[in-house]
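Undergrad: Dropping the structure in here first, questions after.
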Amino acid sequence: MESTASPLDEQIEAFLRWGRDERRLAASTLDAYRRDLEQLRDFVAKSGGAVDAKAIDVLTLRMFLAELHRSLAASTIARRISTLRSFWRFLRKRRLVETNPAAVLDAPRASKELPRFLTVEDAFRVVDAPSGDEGRDPRLKLRDAAMLELLYGGGLRVSELAGLTLERVDLSARELRVIGKGDKERLIPIGREAMAALRAYLEIRATLRTKERAPHPDAVFLGIRGTSLTARQVQSVVRRYGTAGA
């Protein structure tokens, strides 16, 4: 039987696979993104437009949001906008579309302050931030990018990242063994993007040292003088790129 999936359906599935396999997002988060994007798909189909992200412009998105305003709270509309921005940013990064019409959408003001949580859009912004950190030592930019990818792409806790040792990194299996709360060990599978960032950092790790001292022999993440990072120092790096520490 011939498939009736539209291009937008396929684009949504690609986005959700990326969220599941690369960013390790929770099932509940993926379900919410699916509902939001399928609601957009149904709106476009009902309006008679091409059901393809390439054909959706900012006017279509604003019409979609205007319809939602009739029945949804401002906080829910804000979440829909966050989903749309994340979806089109993903499509742009994968070169599946040429423009991002969601980038200019303005979120409505909520009557209450929204709870603080890291959306996919926030995670994109944070993990991409080190590359544009002008004046930062290039080695620290690679280190920071790897740390942020593991924190937000791999789901590690700050304490687990600070305590990560070289012997607990399996690059071939794309896995980390970390010591969590109660000294319990857990196995963390790492997506391709996070592992690529970690590989790039490990290639220059040995250059983080002083003339008098070799780098710490075990710790994965080091300071500019080759010493292991504390959890407080990891939090400082996270704050540097615009979000509160874990």
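Undergrad: Within the accessible area of segment 154-246, what % is carbon and sulfur when the probe is 1.4 Å and the other protein chains stay in place?
TA: Result for segment 154-246: 48 percent of the exposed heavy-atom area is carbon or sulfur.
Undergrad: In debye, nearest 20, what is the charge dipole magnitude of segment 6-81 about its Cα centre with +1 on Lys and Arg Cβ and -1 on Asp and Glu Cβ, if you could check?
TA: 280 debye
Undergrad: With θ set to phi - 60° and the Karplus curve 6.51 cos²θ - 1.76 cosθ + 1.60, what are the ³J(HN,Hα) couplings of segment 83-90 in order, to the nearest whole Hz, using x for Gly and Pro?
TA: My calculation for segment 83-90 gives 4, 4, 4, 5, 4, 6, 5, 4 Hz in order.
Undergrad: From the phi of every residue in segment 194-207, what ³J(HN,Hα) in whole Hz does the Karplus formula 6.51 cos²θ - 1.76 cosθ + 1.60 yield, where θ is phi - 60° and glycine or proline is x?
TA: 5, 5, 5, 5, 5, 4, 4, 5, 4, 5, 10, 3, 5, 7
Undergrad: Here is a follow-up. What is the set of long-range amide H partners of Arg209 at a cut-off below 5 Å, with H atoms built 1.01 Å from backbone N?
TA: Gly226
The values are calculated or read from the model by the stated rules, or taken from the named source; none is laboratory data. Computed from a prediction, not measured in an experiment: that's the story for all the values here. Glycine also receives a Cβ, built like all others from the backbone with ideal geometry; neighbour counts cover every protein chain displayed. Side chains are part of the model used for accessible areas, which takes the heavy atoms of the whole protein and leaves out ligands, DNA and RNA. Shrake-Rupley method; radii C 1.70, N 1.55, O 1.52, S 1.80 Å.
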